[in-house]
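The values are calculated or read from the model by the stated rules, or taken from the named source; none is laboratory data. Keep in mind it's a predicted model, so treat the numbers as computed, not measured. Ideal geometry is used to build each Cβ from the backbone, glycine not excepted, and the neighbour counts take in all protein chains shown.
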Amino acid sequence: MIRVDFTKLRILVVDDNAHMRRIVRTLLHGFGAREVYEAEDGASGLEMFTTHLPDIIIVDWAMPIFDGVELTHMIRKPDSATNPYVPIIMLTGHSEKSRVLRARDAGVTEFLCKPISAKALHQRLLNCVLNPRPFIKTRDYFGPDRRRSMSTNYNGPERRTNNDHVVEDSAPNRLRESVVS
């Protein structure tokens, strides 16, 4: 059985609602996480990201200064000195398909709708650690592979023809190796 040692994870929660941050922090502490940092808007979230270098970020969609999608775009700069490969979980009450696709296209790793449950949050965290997706770099996108499964049957006009777009980086695997026993 694979066990994730949450005590070794640094997690940043960025949400403008103090009550929601408290709920998420309580759940994370229940999983064993001890280093949980909080920010109340996108600007302070970006500052905390560069200061604390979290292993995982949980970000709300709607926040002042700049929202979770804008924050994700800023973090996903491929030439950034900080970690552009950090898993980002979008936590939001806005679950329309257009928003899910917009978050995915910004580089969000996982999507979680409010109200949250401990089980759903735990599953998203496990997905980030145990099943890291390869990162893709194209002219218009840098982030985790948006495909959840690799179908060999698709032959449509947008099928990728080579793997030049796959960015090999060991950051996601280092995260897994550091917390899995």
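Could you figure out which of (1) under 20 Å from residue 131 (Cα atoms); (2) within 15 Å of the chain's Cα centre (by Cα); (3) hydroxyl-bearing (Ser, Thr, Tyr) isn't true of residue 82?
It is condition (1) that residue 82 fails.
When you go through (1) on the phi > 0 side of the Ramachandran plot; (2) modelled with pLDDT under 95 one by one for residue 3, which number turns out not to apply?
Going through the list (1) on the phi > 0 side of the Ramachandran plot; (2) modelled with pLDDT under 95, residue 3 breaks only (1).
Hand me the list of strands (runs of 3 or more DSSP E) wholly inside the range 1-93 holding 1 or more residues that are in contact (Cβ under 8 Å) with a residue 40 or more places away in the chain. Spell out how you get there, then give the answer.
Numbers: elements: 10-14, 35-39, 56-60, 88-92.
Here the list reads 10-14, 56-60, 88-92.
Are any residues in the range 11-38 closer than 19 Å to residue 128 by Cα and surrounded by fewer than 15 Cβ atoms within 10 Å (Cβ to Cβ), and if so, which ones?
If the condition is that a residue be closer than 19 Å to residue 128 by Cα and surrounded by fewer than 15 Cβ atoms within 10 Å (Cβ to Cβ), then 29, 30, 32, 34 are the ones that fit.
Considering only the range 117-128, I want to know if a residue exists there that is of a type in the set (Ser, Thr, Tyr), under 27 Å from residue 5 (Cα atoms) and modelled with pLDDT under 90.
No - not one qualifying residue is present in the range 117-128.
Does the range 165-174 include one or more residues that are among the hydroxyl-bearing types (Ser, Thr, Tyr), assigned to a helix (DSSP H, G or I) and either modelled with pLDDT of 80 or more or exposed (fewer than 15 other Cβ atoms within 10 Å of the Cβ) (or both)?
no
For (1) more than 16 Å from residue 14 (Cα to Cα); (2) crowded, with 19+ Cβ neighbours inside 10 Å; (3) of a type in the set (Lys, Arg), each residue gets a yes or a no:
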position: 57; (1), (2), (3): no, yes, no
position: 70; (1), (2), (3): no, no, no
position: 85; (1), (2), (3): yes, yes, no
position: 89; (1), (2), (3): no, yes, no
position: 97; (1), (2), (3): yes, no, yes
position: 114; (1), (2), (3): no, no, yes
